[in-house]
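Enquirer: One structure is given below, represented as structure tokens, and several questions about it will come after.
Bear in mind these aren't lab numbers, they're just calculated from the coordinates by the rules spelled out. Bear in mind the structure is a predicted one, so any value in this text is a computation, not a measurement. Because the Cβ atoms are built from the backbone with ideal geometry, glycine has one as well, and the counts that use them run over all protein chains shown.
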Amino acid sequence: MGVYMLILAVMDMYIGEAYFWDGIGYEWRTSYPCQIAGFISLLSTQSSVFLLTLLSVDRFIAIQFPFSRKRLGIKSSRISVAIVWAMALILSVTSLLLTQLELGAYGLSDVCVGLPLIRKFSSVYSEIDAYTFSRFGQTTLNYLASGTASTWQFSIAIFLGVNLISFLVVLFCYAAIFVRVRLSREAVGQKNKIASEVKMALKMFFIVGTDLFCWMPIITMGILVQTDVITLSSNVYAWLVVFVLPINSSLNPFIYTIVERVTK
């Protein structure tokens, strides 16, 4: 995510005011640097989502079945993490290849992330501007659209499909964990057994909670936008991508450190 933000910062300094005055906006959104930035951003966000899902399921199994040996060990953890990164890499490469079929898919916004938070115009047509013609006798055309259509289907499937399912799994796991912890307080024989697992669950709760705080508003707004219930401005889109998602990645290392010291 840091590399993604660095690319945006460098290109912003390089393009500057020419983005608007010289009309370079479209060239930037369809350029290779923009596609690379979108690739890196998707790799970062999806690996984070998949890793959190994996960690939540592992904590769920450890606390729900404290005496079971069916949990992640050192070897299985390495294999699982490798699979997670492979899945995120495959999705990122697939998205990059699909942009060759649907040019400008990463260019849905100036920050090169194809979040499904906007809809594209459909059935665009032109008509003569009656006011200009009657007032000045000049013929000018206005370009209008009869409606809107959903944006990139791949983006909708990933951000509103896969990620929503992942976070629903995470919510279920932690809801079950807290129910288990509450009931286990009455079981003297198991109280000490799961004490260390409960501490680990509390650590993960803070980490997962920040991800949910960042992602669930985006998923919710994405669903509302694609169902044509609300419309988001380009400014809101940019703030969500440049501020909300990166700040989550920036906070995670500090959360790991702080929670580790507090729960010792």
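Enquirer: I want to check the label-to-label distance for Leu168 and Ala238. Put each point 7 Å from Cα in the C-beta direction and report it in nm to one decimal.
Expert: About 3.5 nm, to one decimal.
Enquirer: Kindly identify the stretch 15-104 as rounded, prolate or oblate by the Cα gyration tensor criterion: order the square roots of the eigenvalues as a ≥ b ≥ c, call it rounded if a/c is under 1.5, otherwise compare a/b with b/c, prolate if a/b is larger, else oblate.
Expert: Prolate is the answer for the stretch 15-104, as a/c is 1.5 or above and a/b outweighs b/c.
Enquirer: Loop only per DSSP, at most 11 neighbouring Cβ atoms within 10 Å: give me the GluC sites (Glu not before Pro) in the stretch 1-104, ordered by residue number.
Expert: Glu17
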